[in-house]
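Asker: Quick one: structure below, then a few questions.
The values are calculated or read from the model by the stated rules, or taken from the named source; none is laboratory data. Everything numeric here is computed off the predicted structure, so don't read it as measured data. Backbone-built Cβ (ideal geometry, glycine too); neighbour counts: all protein chains shown.
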Amino acid sequence: MTLRLIFVRHGLSSFNKEGRIQGRNDLSTLTKEGQSQAEAAGKTLSAIPIDEIYSSPLQRASETTKIIIKYLRSKVQATYTDELLEVDLGPWSGLTKSDLKNLYPEKLAIWEKEPKELSIKRADGIEFQPIKELFFQAENFLKSLFKANGNSNKTILIVAHNAILRCLILKLINEPSKGFRRIKLDNTSISICNIDFNNWVDRQVQIQCLNNIAHLQRTLPKKGGKKRIILVRHGETDWNKQGRFQGQIDIPLNQNGREQARAASEFLKDVCIQKAFSSSLSRPKETAEIILKEHPGIEISLKDNLKEIGHGKWEGKLETEIKSDWSDLLETWKISPEKVQMPEGENINEVSSRSITGWIEVCKSLKNDETALVVAHDAVNKTILCHLLGLTPSEIWMIKQGNGGITVIDLSEKKGHPDQITCLNITSHLGGIIDSTAAGAL
């Protein structure tokens, strides 16, 4: 069975605006801006048939849910559940970050570096670990959701809070190390995961997008550090459309691919870009050139280590053709890509190694406040994103990269802190919140 889970964080609240920690208390309400954000999210989601809605009962989330429901085509009643309550931060609720620096400086340092290790005391003096408890809460909610929907294909909307939504998404992808700080979720951001499953253990998860705020303003989330990289997959080719394995054969963009690149260029035109890098193959290079027409004067540095995976004897072939000669190997590729050595080609670990080397080279080239454009390929982008999410190359199928899709990474300024995926696979500029780009081979 397949579930599409759409995660929406509540709109801007009074505590958000004041810079106060909300936690599990219910003192914070939606601001007028938060209400407008919820309306924008509702209008965007109105194009999608929603089968079920689950929401946190806290008023900042429940009001967001009620506003969104007004715009949905399918009139579904929301189920309000305590399993979607925000993290319990006990005595921290209502405090500002400045308050925390003065009152709990050591605890704040743990919270910022590895929230899962934070322990605080409740009013009764009992010590507890709020994020570990929240991960347990998230797993319970997801297991009950899977159990209730074991015989159906549904689209389910989940409206809740920053921390619990991060825990839900991270639980779906097996809770990678330091995962809580690896992703970002803005107010009324939309994130989508597709799940094929028979049961909780055997689930196959694909993150279709993370932290999409294009419905609020056609721009990117606020910069989270001094250095930013905009990672884009090249536009469509005829072989993408046909489902033909391209690999390192130098197939050019088709007309739709050029239109996708122009749409990405328009989406990114107001973003300050100082540097640009591309795979040395023509399809990402042309994509980069089209995007940079709105940013004249920037030279593109070509990098061989960002070339697509070498499929060897599979290159130029359709999946049906590969199946006739390498049926078992193709099936293994779809399930356990790390076990596959492409005939006279590469394996995914080799691709990951060179892609991450290229990524590190790009990162090291950036100076403070610089933003770089990087245009590459499906497998290359996926291995880089697995690395950034704390996943292994074997988990590339957990990540969607649409042709012309935009991903943003803000580089960490603090030693030991992971870089943050600020948004992933944004394709709103191509026609909607759901990625409808070609599902062709790599």
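Asker: If you scan the range 58-96, which residues turn out to be over 24 Å from GLY19 (Cα atoms), touching a Leu at 6+ places or on another chain (Cβ under 9 Å) and assigned to a loop (DSSP other than H, G, I, E, B)?
Answerer: Matches in the range 58-96: TYR71, LEU72, VAL76.
Asker: Anything in the range 385-442 that is among the polar types (S, T, N, Q) and part of a loop (DSSP other than H, G, I, E, B)? List them, or say none. Full working, then the answer.
Answerer: Of all residues in the range 385-442, those among the polar types (S, T, N, Q) come to 392, 394, 401, 403, 407, 412, 420, 422, 425, 427-428, 436-437.
Matches in the range 385-442: THR392, GLN401, ASN403, SER412, THR427, SER436, THR437.
Asker: Residues being in a loop (DSSP other than H, G, I, E, B) and surrounded by fewer than 17 Cβ atoms within 10 Å (Cβ to Cβ): count how many of those fall in the range 179-199. Can you show your working first?
Answerer: Restricting attention to the range 179-199, the residues satisfying the condition of being in a loop (DSSP other than H, G, I, E, B) are 182, 184-189, 197-199.
Checking the rest, the ones that are also surrounded by fewer than 17 Cβ atoms within 10 Å (Cβ to Cβ) come to 197-199.
Residues in the range 179-199 being in a loop (DSSP other than H, G, I, E, B) and surrounded by fewer than 17 Cβ atoms within 10 Å (Cβ to Cβ): 3 in total.
Asker: Separate question: Would you mention how many residues in the range 296-305 are touching a residue at least 24 places away in the same chain (Cβ under 8 Å) and out of contact with any Lys or Arg (no Cβ under 8 Å at 6 or more places or on another chain)?
Answerer: Filtering the range 296-305 down to residues touching a residue at least 24 places away in the same chain (Cβ under 8 Å) leaves 298, 300-305.
Adding the requirement that they be out of contact with any Lys or Arg (no Cβ under 8 Å at 6 or more places or on another chain) leaves 303-304.
Qualifying residue count, the range 296-305: 2.
Asker: Quick test for you: out of GLY316, GLY345, pick the one residue that is in contact (Cβ under 8 Å) with a residue 60 or more places away in the chain, surrounded by fewer than 19 Cβ atoms within 10 Å (Cβ to Cβ) and of a type in the set (Gly, Ala, Ser). Break it down into steps so the answer makes sense when it comes.
Answerer: Details: GLY345 fails: surrounded by fewer than 19 Cβ atoms within 10 Å (Cβ to Cβ).
Result of the check over GLY316, GLY345: GLY316.
Asker: Moving on. Evaluate the range 402-411: report whether one residue or more is surrounded by fewer than 19 Cβ atoms within 10 Å (Cβ to Cβ) and not hydrophobic (A, V, I, L, M, F, W, C).
Answerer: Among the residues of the range 402-411, not one is surrounded by fewer than 19 Cβ atoms within 10 Å (Cβ to Cβ) and not hydrophobic (A, V, I, L, M, F, W, C), which makes the answer no.
Residue-by-condition table, conditions (1) charged (D, E, K, R); (2) out of contact with any Ser or Thr (no Cβ under 9 Å at 6 or more places or on another chain); (3) part of a helix (DSSP H, G or I); (4) surrounded by 14 or more Cβ atoms within 10 Å (Cβ to Cβ):
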| position | (1), (2), (3), (4) |
| --- | --- |
| SER98 | no, yes, yes, no |
| ASN102 | no, yes, yes, no |
| GLU106 | yes, yes, yes, no |
| TRP111 | no, yes, yes, yes |
| LYS116 | yes, yes, yes, yes |
| GLY125 | no, yes, no, no |
| ILE131 | no, yes, yes, yes |
| PHE136 | no, yes, yes, no |
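Asker: When you look at GLY345, is it outside any helix (DSSP H, G or I), within 30 Å of the chain's Cα centre (by Cα) and in the same structural domain as ALA379 (by TED's automatic domain parsing), yes or no? Let's see the steps before the verdict.
Answerer: Working: outside any helix (DSSP H, G or I): yes; within 30 Å of the chain's Cα centre (by Cα): yes; in the same structural domain as ALA379 (by TED's automatic domain parsing): yes.
Yes; evaluated as a whole, the condition is true for this residue.
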